Amino acid sequence: MSRFHQYYFDHLVAIHNGLRRELKSLLQTVPNASQPVAVKNSMRNVLQFCHHLQGHHDLEEAVIFPAFAAVTNISHWSHSHKELDHILDVIRKLAQDGINQNGLEFDAQKATIFEQLENLSDIVLPHLRDEEDLSKPEETIMLWPTERDMRRAFPWMG
């Protein structure tokens, strides 16, 4: 196993752990935000999480998933990706509405956002776990693109 592959795996797990922490925090804070300022701040955090998750998802679809698909069946991810995109769109719209309303009279939408975050959690958490299992260098080195391909895809990783 190369140090590069281990570095990539460690980096991936760190990113996934960050996404897990953000999602857990939102699931704890969104339903408890009651004052308009707290609701508005909570909706900003929701939008920030959506941005982080979407960026990670887009990068993986462009670079990582094709490498996995070349050597293993990941077709079961297709449906969840469509559902993920739909749920993210719903959450972003509702969160932006909450910001636009300055957090006022937003209880019904807040409950819907919480429900959608739970739905998102049902998709994202197992997917992150699957992806980490596929990415373990010591077990699945044949799934990895070459080091040259990885450096081209992730030039900032040195």
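The values are calculated or read from the model by the stated rules, or taken from the named source; none is laboratory data. Since the structure is predicted, the reported quantities are computational estimates derived from the model, not experimental observations. Note that we place each Cβ from the backbone using ideal geometry, even for glycine, and neighbour counts take in every protein chain shown. Note: areas computed on protein heavy atoms with side chains; ligands, DNA, RNA excluded. Shrake-Rupley method; radii C 1.70, N 1.55, O 1.52, S 1.80 Å.
Computed quantities for the displayed model
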{"item": "Set His52, His86: member being under 14 Å from the mean Cα position of the chain (by Cα) and without any contact (Cβ under 8 Å) to a residue 12 or more places away in the chain", "result": "His86"}
{"item": "Enumeration of residues in the stretch 98-126 that are touching a Pro at 6+ places or on another chain (Cβ under 7 Å) and aromatic (Phe, Trp, Tyr)", "result": "Phe114"}
{"item": "The stretch 32-47 residues that are among the acidic types (Asp, Glu), paired with ones that are buried (at least 17 other Cβ atoms within 10 Å of the Cβ) and assigned to a helix (DSSP H, G or I) (beta carbon under 7 Å, 6 or more apart)", "result": "none"}
{"item": "Unmet criterion (only one of (1) open to solvent by 20 Å² or more (accessible area, probe 1.4 Å); (2) within 30 Å of His5 (Cα to Cα); (3) assigned to a helix (DSSP H, G or I)) for Leu19", "result": "(1)"}
{"item": "Those residues of the stretch 1-10 which are open to solvent by less than 70 Å² (accessible area, probe 1.4 Å) and in a helix (DSSP H, G or I), in sequence order", "result": "Phe4, His5, Gln6, Tyr8, Phe9"}
